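Before any comments, here is the structure.
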Amino acid sequence: MNEDDLWKNKCEEVWNAPAPGIQDPCDVPMEAYDPLIHTVSEKAACNRMLFWSKTKDIVHQFTDAKKCLLTLEDTLLGFVMDGLTWCSKKGSNESFTTGCPGWLDCEKNPVRSFWNRASTAFAESACGNVTVMLNGSLDTPFNPNSIFASIEVKKFSSPKMRALNVVLVTRRNDTTNCENSSLQTLRGILDPNLTYSCKEVQRSRILDCISDPDRPCGDCW
Ligand code: AVW
């Protein structure tokens, strides 16, 4: 089979994977996406995985410009679903893209459950040295309500994964640093066999690096 046919087959398989059907749009458990996640599972990019929390814009600017690190939204499924809204509605077997519950309207909405499930799979596959960009302009860069804290960190495990390296993205007058108590909490709940590091990096330094195509990734922080 040539490459085009392989992709065509893959797309048909993904398209035909069972998806949450006629149901209450506030009652979609994350397990509803198990078949889809299993169909699209990709080989993990060991040592290149980048997690994030409240740093979405700069993280994606970074991965668009430099190909050394990859986020969930740079994987096939994450890329396709990023920015989309969808839901079913009671009594209809159509898919809707408007009038769907918002992120905070109910916990088990289809979009939030999808990202919870996809994040679980991405974190379970984490291997080697893993990076996370957290937001140093916040008092609590490691927020217990975030997907990163409530789902991803709990899935990180050695020996498949070796280290978690926090890049704390700061602005000039920020007072939050690597000593921040939420980061101590992060360190405390991490699998004790994982090496932990934290580095404060000025946002402007990362942006300069992004806009200079000659700067290798390793020089950005
Ligand atoms: P985030 P996470 N209202 O920046 O750690 C609307 O907090 O949770 O980072 N949308 C929301 C809300 C909300 N209150 N909270 C979260 N979102 C949506 C997947 C929104 O689209 C990757 F692997 C926001 O941009 C990262 O490591 C996104 O969730 C990790 O999970 C992220 O919220 C980032 O999740």
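Key figures for this structure:
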item	result
Residue in segment 91-98 that is within 30 Å of Gly128 (Cβ to Cβ) and of a type in the set (Ser, Thr, Tyr) present	no
In segment 129-149, the residues that are buried (at least 17 other Cβ atoms within 10 Å of the Cβ) and either free of Cβ contacts under 8 Å to residues at least 24 places away in the same chain or assigned to a helix (DSSP H, G or I) (or both)	Ile147, Phe148, Ala149
Matching residues, segment 190-221, being closer than 18 Å to His60 by Cβ and either touching a residue at least 60 places away in the same chain (Cβ under 8 Å) or in contact with a His (Cβ under 7 Å, 6 or more places away or on another chain) (or both)	Arg203, Ile206, Leu207, Cys209, Ile210, Ser211, Pro213, Cys217, Cys220
Given (1) in contact with a strand residue (DSSP E or B) (Cβ under 8 Å, 6 or more places away or on another chain); (2) surrounded by fewer than 17 Cβ atoms within 10 Å (Cβ to Cβ); (3) touching a residue at least 24 places away in the same chain (Cβ under 8 Å); (4) not charged (D, E, K, R), number of the condition Ser157 does not satisfy	(1)
Selection from segment 26-73 of residues that are over 15 Å from the mean Cα position of the chain (by Cα), more than 17 Å from Phe122 (Cβ to Cβ) and among the basic types (Lys, Arg)	Lys66, Lys67
Complete set of residues in segment 101-125 that are touching a residue at least 60 places away in the same chain (Cβ under 8 Å) and touching a helix residue (DSSP H, G or I) at 6+ places or on another chain (Cβ under 7 Å)	Ser113, Phe114, Asn116, Arg117, Ala118, Thr120, Ala121, Phe122, Ala123
Filter result (away from the ligand (no atom under 15 Å from the Cβ) and at pLDDT 95 or above) within segment 38-54	Cys46, Asn47
Number of the condition not met by Ser92 [criteria: (1) away from the ligand (no atom under 14 Å from the Cβ); (2) crowded, with 16+ Cβ neighbours inside 10 Å]	(2)
Residues that are within 14 Å of Val132 (Cβ to Cβ) and either touching a Cys at 6+ places or on another chain (Cβ under 7 Å) or surrounded by fewer than 16 Cβ atoms within 10 Å (Cβ to Cβ) (or both), drawn from segment 166-184	Val166, Leu168, Cys178, Leu183
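The values are calculated or read from the model by the stated rules, or taken from the named source; none is laboratory data. On a predicted model such as this, the values are computed, not experimentally measured, just so you know. Cβ: placed from backbone, ideal geometry, glycine included. Neighbour counts: every protein chain shown.
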